[in-house]
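Encoded as structure tokens, the structure appears first; notes follow it.
Laboratory data are not the source of any read-out in this text; all were calculated from the coordinates shown. Computed from a predicted model, the values in this text were never measured in an experiment. As a convention, Cβ positions derive from the backbone with ideal geometry for all residues, glycine included, and neighbour counts pool all protein chains shown.
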Amino acid sequence: MSRTVYVNGTYLPEEDAKISIFDRGFLMADGVYEVTSVLGGKLIDFAGHCKRLARSLSELDMAAPATDDELLAIHRELVAVNGVTDGMVYLQITRGAPGDRDFVFPDPATTPPTLVLFTQSRPGLAGHPAAATGMKVISIPDIRWGRRDIKTVQLLYPSMGKMMARKAGCDDAWMVEDGFVTEGTSNNTYIVRGNRIVTRHLSSDILQGITRAAVLRLAAEARMEVEERPFTIEEAKAADEAFFTSASAFVMPVVEIDGAALGDGTPGPVTARLRDIYLDEMRKSAI
Ligand code: PDD
């Protein structure tokens, strides 16, 4: 069945949605995005996503095409008209379509940003079977650009990384730079030693995950120890547990890294507990 999508002020069937071939998102990956989860028809951590979106836009000197309240109304309308119970809302803002190809940024007075939103229905999103069995990851070099803190639509290398993982019979890839894990292709990464959770500190090397922020806050509230520092693949292989977080996977256990099983090869108790706490709290605060 055709979805209703949103393009620059208009709700329309997906097959009627059109973007200019001169759009800078299409020609130059000159755009940013957010993915907000929907559970029980409600948005998870919407305020966090709005805050990061504003930061991404500001770092790229792009104007916001709508207020947070307007974006909330659009998210809610799309969730409602498409009957999404569990799934995601994808939002993308590009620097617009100046009507020609040019490296120089167009004048925002004459070239407004492009705003697109659509839903992805994923019934049972929070009950993904891998949450019980865990995922397998490989390590790959991180060859992305240096501003990974900006959530841009330049996703070719992460996409290639997922394909490398698939080719190796695995689920995802953890990227490594200067000997240390940066993040997963589309998630933040963690290892667990005893009751201590280790995850890379924030910098321009990684995306400031909205799920990461919530999970670290909830872990501290649950009196778990959190250490924010880089770790190596060797350290990860020797850890008791590992997991990753993202808006669509929540807290996802990792049971194998580069062919080495972690612990007994099944998801560990710290990961399982964090996933439960996270989902519980997020369902409560969903809007
Ligand atoms: N990806 N790191 C990268 C490189 C990401 O692409 C993502 C999210 C994250 C986790 O961020 P958050 O917790 O805010 O989702 C970390 C989204 C889900 C995606 O591209 O689909």
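For segment 38-83, name all the residues that are of a type in the set (Val, Ile, Thr), under 30 Å from GLY124 (Cβ atoms) and outside any helix (DSSP H, G or I).
Here is the first cut: in segment 38-83, the residues of a type in the set (Val, Ile, Thr) are 38, 44, 67, 74, 79, 81.
Subset that is under 30 Å from GLY124 (Cβ atoms): 38, 44, 74, 79, 81.
Residues satisfying the conditions are VAL38, ILE44.
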If I filter segment 234-244 for residues that are more than 22 Å from MET164 (Cα to Cα), within 16 Å of the ligand (Cβ to nearest atom) and in contact with a Leu (Cβ under 9 Å, 6 or more places away or on another chain), do I get at least one hit? no
With the first residue restricted to segment 67-95 and required to be in contact (Cβ under 8 Å) with a residue 24 or more places away in the chain, and the second required to be part of a loop (DSSP other than H, G, I, E, B) and surrounded by fewer than 15 Cβ atoms within 10 Å (Cβ to Cβ), Cβ contacts under 6 Å at 6 or more apart or on different chains are THR85/GLY41; ASP86/PRO123
Filter segment 155-193 for residues that are small (Gly, Ala, Ser) and surrounded by 21 or more Cβ atoms within 10 Å (Cβ to Cβ); the one that is nearest to the chain's Cα centre (by Cα) is GLY184
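Quick check, is GLU227 away from the ligand (no atom under 16 Å from the Cβ), of a type in the set (Asp, Glu), surrounded by fewer than 20 Cβ atoms within 10 Å (Cβ to Cβ) and farther than 21 Å from ASP149 by Cβ? Spell out how you get there, then give the answer.
Numbers: away from the ligand (no atom under 16 Å from the Cβ): yes; of a type in the set (Asp, Glu): yes; surrounded by fewer than 20 Cβ atoms within 10 Å (Cβ to Cβ): yes; farther than 21 Å from ASP149 by Cβ: no.
Judged against the criteria, GLU227 is not a match.
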Answer residue from segment 161-185, given it is within 13 Å of the ligand (Cβ to nearest atom) and outside any strand (DSSP E or B) and is farthest from ILE206 (Cα to Cα) among those: LYS162
Can you say whether ASN188 is of a type in the set (S, T, N, Q), within 14 Å of the ligand (Cβ to nearest atom) and in contact (Cβ under 8 Å) with a residue 12 or more places away in the chain, as far as the supplied structure shows? yes
